[in-house]
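Have a look at the structure below before the remarks.
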Amino acid sequence: MEHSLIIVLVTLAIIFDFLNGFQDSANVVATMISSRAMSPTAALIIASVANFMGPFIFGVAVAKTIGQDVASPASITIAVVLAALVGASIWDIITWTFGIPSSSSHALIGGIVGAVAVGSGWQALRLEGLGVVGIALFLSPLLGFALGQVVMRITMWAVRNATPKANIFFKYAQVPAAFALALSHGTNDAQKTMGIITMGLVVLGYQDHFVVPWWVIIASASAIAVGTASGSWRIIHTLGGKFYRIRPIHSFTSQVSSMAVILGASLFGGPVSTTQVVSSSIIGVGAAQRRSQVRWGVMGDILVAWFLTVPATAGLAALLFYLIDYLLSL
């Protein structure tokens with residue numbers, strides 16, 4: 001029975017990781033494609049390679065946060081893990097269908113909270129750990145917006161006397177900036193799947209303590225890289241063209257701002273929503289130049305998804321927990 005469950009767990013986790021990369025590919029490539037710095041195919045290849053490399057370079061601190069700090073070990077059962085994964089995956093598919101950039105991080109955390117709450121009660125949740133996760137998830141978009149404004153204003157001041165040839169610099173500077181952003185994305189997002197799989201390995205008795213195995217790192221990094229290479233064009237269109245007309249300077253500064261926030265959170269073990277950070281950075285950069293050019297209504301749609309994701313996935317996972325727990329008891 002345990003062998004079958006671990007196969008199911010790893011399969012569902014890889015599917016979630018693929019969906020995460022598929023949906024979040026827009027975070028890295030949307031502005032670069034929109035500003036015509038690189039062809040879509042080349043941009044996606046660069047992003048997928050960097051996503052794969054991220055966890056190997058910067059470590060797995062986020063995986064430990066997801067696996068150990070959200071709920072007490074006694075409350076984590078295989079039914080909880082499976083319900084959280086399936087609920088988060090369903091939400092990713094729903095938001096992708098409508099072309100809304102949503103957070104896989106929010107979805108996974110919401111799924112764990114909902115499943116643990118109905119499985120073991122609210123007291124099983126670790127408030128201190130959830131506080132750290134909550135701060136990382138909800139503060140990071142604000143930091144993205146603020147840093148986007150700061151970086152854009154500094155950049156505009158630096159090139160205030162430059163000729164139009166400055167656009168050539170910003171066009172090519174996007175390539176290393178996008179690579180660094182993709183590294184930070186892979187560092188943060190792939191680790192959430194690593195944490196879930198490792199939780200399952202501990203619960204099913206394959207490990208006696210929480211340590212991420214090398215094969216889990218490779219499998220998770222590979223899945224998010226393949227998902228990124230596939231590219232969600234609906235969300236790329238939203239991030240790359242619906243906020244305002246993105247030029248090379250906007251793309252470069254938003255990439256730098258997003259990378260700084262995501263990588264900083266990753267090194268401290270804070271799971272963040274790369275979607276929300278990138279979206280808010282793009283808005284911050286545009287607003288720094290001219291507030292009237294930003295289509296604020298599009299941001300409103302993203303904010304709705306931002307606030308709905310945790311309660312929606314918590315509810316989905318809670319219902320799925322009852323179903324999965326029943327099936328496992330047969």
Give the order of SER48, SER258 when sorted by the count of other beta carbons within 10 angstrom, beginning with the fewest. SER48, SER258
Electrostatic dipole magnitude of the chain [Cβ: Lys, Arg +1; Asp, Glu -1; Cα centre; debye, to 20]: 1700
Any chance you could run the full-extension gain for TYR322 through PHE268? It's 0.36 nm times the residue separation minus the Cα-Cα distance, nm to one decimal. 16.0 nm
Which of (i) 19.6; (ii) 21.3; (iii) 20.6 is the computed Kirkwood radius over Cα pairs in Å for the structure on display? (i)
Whose amide H sits under 5 Å from the amide H of ALA71, counting only residues 5 or more places off or on another chain, with H placed in the peptide plane? ARG126
Find which of PRO73, GLY195, TRP96 sits farthest along the positive direction of the dipole of segment 2-329, computed with +1 on the beta-carbon of Lys and Arg, -1 on that of Asp and Glu, about the Cα centre. TRP96
Looking at the chain as a GNM with Cα springs under 10 Å, which of ALA146, ALA314, ALA63 has the largest mean-square fluctuation? ALA146
In deg cm²/dmol and to the nearest 500, what is the mean residue ellipticity at 222 nm of the chain if only DSSP H runs of at least 4 residues count, each as -39500 (n - 2.57), divided by the residue total? -28000 deg cm²/dmol
When a footprinting reagent is the concern and you count Cβ atoms within 10 Å, what order do TYR322, TYR244 take, fewest first? TYR322, TYR244
Name the residues of segment 195-212 whose amide N is less than 16 Å from a point 7 angstrom out from the Cα of SER4 along the C-beta direction? none
Label-point gap, in nm, between TRP157 and TRP296 - each point 7 angstrom along Cα→Cβ: 2.6
Compute the angle between helix 127-158 and the longest alpha-carbon principal axis of the chain, please, reported from 0 to 90 degrees and rounded to the nearest 10. 10
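Every number here is computed from the coordinates shown, using simple stated rules; none is lab data. Keep in mind it's a predicted model, so treat the numbers as computed, not measured. Note that we place each Cβ from the backbone using ideal geometry, even for glycine, and neighbour counts take in every protein chain shown.
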